[in-house]
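As structure tokens, the structure follows; a few thoughts come after it.
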Amino acid sequence: MATRIRPSSKRCAVIGGSGFLGRHLVEKLLEKGYTVTVFDIRQSYELPGVAFHVGDLCDKQALLTALQDVSLVFHCASPAPASDDRALFQKVNVDGTRIVIQACQERGVQKLVLTSSASVVFEGTDIKDGKEELPYAKKPIDYYTETKIQQEKLVLEACDKDKGFLTVAIRPHGIFGPQDPQLVPILVDTARRGKMKFIIGDGSNLVDFTFVENVVHGHILAAEHLKPDSPLCGKAYHITNDEPVRFWDFMSQVLVGLGYDAPRYHLPYQLVYGIALLLWLVALLLRPLVRIKPTFTPMRVALAGTHHYYSCARAKEDMGYRPPVSLKEGITRTVESYPHLRKGV
Ligand SMILES: NC(=O)c1ccc[n+]([C@@H]2O[C@H](COP(=O)([O-])OP(=O)(O)OC[C@H]3O[C@@H](n4cnc5c(N)ncnc54)[C@H](O)[C@@H]3O)[C@@H](O)[C@H]2O)c1
Ligand SMILES: CC(C)CCC[C@@H](C)[C@H]1CC[C@H]2C3=C(CC[C@]12C)[C@@]1(C)CC[C@H](O)[C@@H](C(=O)O)[C@@H]1CC3
């Protein structure tokens, strides 16, 4: 009788490995001796020892080819939140994740680590030291969040110890760091257009921003602690810097570090939120004729004007998580990595 040889536990695939988080994850996995395959709709770099499979995760056949002999899968692919494309989020984050799960099961993958988001519980009102037990947002603010909720549920429900298929979800919040395509570039673009003069609300709201290497550390710890007898099976974990900071202090430190002025004038939160909602509605109505992308979306305004920081006690307890890089060091390294975004360049 032919015996099925289990692939090495150090043979992994990173779906979305060409992206910001994915690339940092791939680099760390290689450093730790893993054999890495990247599956992504684009190839954004080359690294010795990394096998790239360019394909859409909605294409099961392409995934089955890439997942051959893989025992561990990290799924960190998603359309960018800024695309605000409901059909695309549904197709990739929900239908595509179903296909990822099926392909993993068919290929005998043993562990699936999903990159979810702490925002799955955020509804635009204050969250202070939020625990994983908080209910999913009943009225998510945007389509991205709506589909991240469905995606997380699908992955956690698929966890099946009897079938030897274990799953876990990592919920990072506000990832920043070198090569980030959204936070710093959008911030600088807004500053260059003279729109970063204002503080939304009184400026005292505390939030989490998480350095990308800490998020990577959380993913690898989760993969290594995910075993049939561990508490991680089918659970979600917040991964943050564990250093809540005032939203506007963080923004100011990045802006000033790059040579721009810090925002100074206060605007009432409710007023800005109302305007953002109105602009979003207008953009939606005009979409068949012209595509407008407002800078101040309701989601961004809500994130800028409320408290949203999360407890990572569960990750500390179950997998010994401690953020290796402090916020101060993370900000310094991030600012240094964007010489081309400095004022006047
Ligand atoms: N950036 C943050 O602040 C943040 C915070 C919490 C959670 N997350 C989650 O982390 C993950 C990574 O985010 P990121 O910031 O690195 O984004 P990113 O856009 O840099 O990377 C996402 C990658 O997914 C790929 N991708 C998109 N659609 C695909 C498809 N159909 N098939 C295959 N690949 C596809 C993209 O090409 C890209 O390389 C996402 O799941 C995101 O929801 C991000
Ligand atoms: C125009 C200004 C008011 C703000 C400019 C900076 C913003 C572009 C970022 C500040 C907080 C960021 C953030 C995300 C995107 C970029 C910001 C709005 C996410 C919504 C990206 C998706 C993640 O899943 C969210 C998460 O839960 O971590 C991010 C939350 C913070």
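Each value in this text was obtained by applying a stated rule to the coordinates, not by laboratory testing. Nothing here was measured: the structure is a model prediction, and the numbers come from that model. Methodologically, a virtual Cβ is constructed for each residue, glycine included, from the backbone with ideal geometry; neighbour enumeration extends over all protein chains shown.
Key figures
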quantity: Number of positions in region 101-147 that are under 13 Å from residue 169 (Cβ atoms) and of a type outside the set (Ser, Thr, Tyr); calculated: 9
quantity: Residues of region 63-89 satisfying the condition of being within 12 Å of ligand 1 (Cβ to nearest atom) and either in a loop (DSSP other than H, G, I, E, B) or of a type in the set (A, V, I, L, M) (or both); calculated: 63, 66, 76, 77, 78, 79, 80, 82, 85, 88
quantity: Sole exception among (1) within 16 Å of ligand 2 (Cβ to nearest atom); (2) without any contact (Cβ under 8 Å) to a residue 40 or more places away in the chain; (3) buried (at least 19 other Cβ atoms within 10 Å of the Cβ) for residue 88, by number; calculated: (3)
quantity: Residue match in region 106-125 (condition: within 16 Å of ligand 1 (Cβ to nearest atom), part of a loop (DSSP other than H, G, I, E, B) and in contact with a Lys or Arg (Cβ under 6 Å, 6 or more places away or on another chain)); calculated: yes
quantity: Subset of region 96-146 [of a type in the set (Ser, Thr, Tyr), more than 11 Å from ligand 2 (Cβ to nearest atom) and either out of contact with any Asp or Glu (no Cβ under 7 Å at 6 or more places or on another chain) or within 23 Å of residue 233 (Cα to Cα) (or both)]; calculated: 97, 125, 136
quantity: Search result, residues across region 280-310 that are small (Gly, Ala, Ser) and more than 16 Å from ligand 1 (Cβ to nearest atom); calculated: 283, 305
quantity: Residues located in region 155-186, provided they are farther than 23 Å from residue 214 by Cα and surrounded by 19 or more Cβ atoms within 10 Å (Cβ to Cβ); calculated: 158, 159
quantity: Count - residues of region 66-85 that are of a type in the set (S, T, N, Q) and exposed (fewer than 15 other Cβ atoms within 10 Å of the Cβ); calculated: 2
quantity: Selection count where residues are more than 6 Å from ligand 1 (Cβ to nearest atom), part of a loop (DSSP other than H, G, I, E, B), surrounded by fewer than 13 Cβ atoms within 10 Å (Cβ to Cβ) and not acidic (Asp, Glu), scope region 38-62; calculated: 2
quantity: Extreme residue, nearest to ligand 2 (Cβ to nearest atom), among residues of region 147-157 that are among the charged types (D, E, K, R) and touching a helix residue (DSSP H, G or I) at 6+ places or on another chain (Cβ under 8 Å); calculated: 148
quantity: Complete set of residues in region 142-157 that are away from ligand 1 (no atom under 14 Å from the Cβ) and under 17 Å from residue 78 (Cα atoms); calculated: 153
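Residue-by-condition table, conditions (1) closer than 30 Å to residue 214 by Cβ; (2) outside any helix (DSSP H, G or I); (3) of a type outside the set (Gly, Ala, Ser):
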residue: 224; (1), (2), (3): yes, no, yes
residue: 227; (1), (2), (3): yes, yes, yes
residue: 236; (1), (2), (3): yes, yes, no
residue: 254; (1), (2), (3): yes, no, yes
residue: 271; (1), (2), (3): no, no, yes
residue: 278; (1), (2), (3): no, no, yes
residue: 284; (1), (2), (3): no, no, yes
residue: 288; (1), (2), (3): no, yes, yes
residue: 291; (1), (2), (3): no, yes, yes
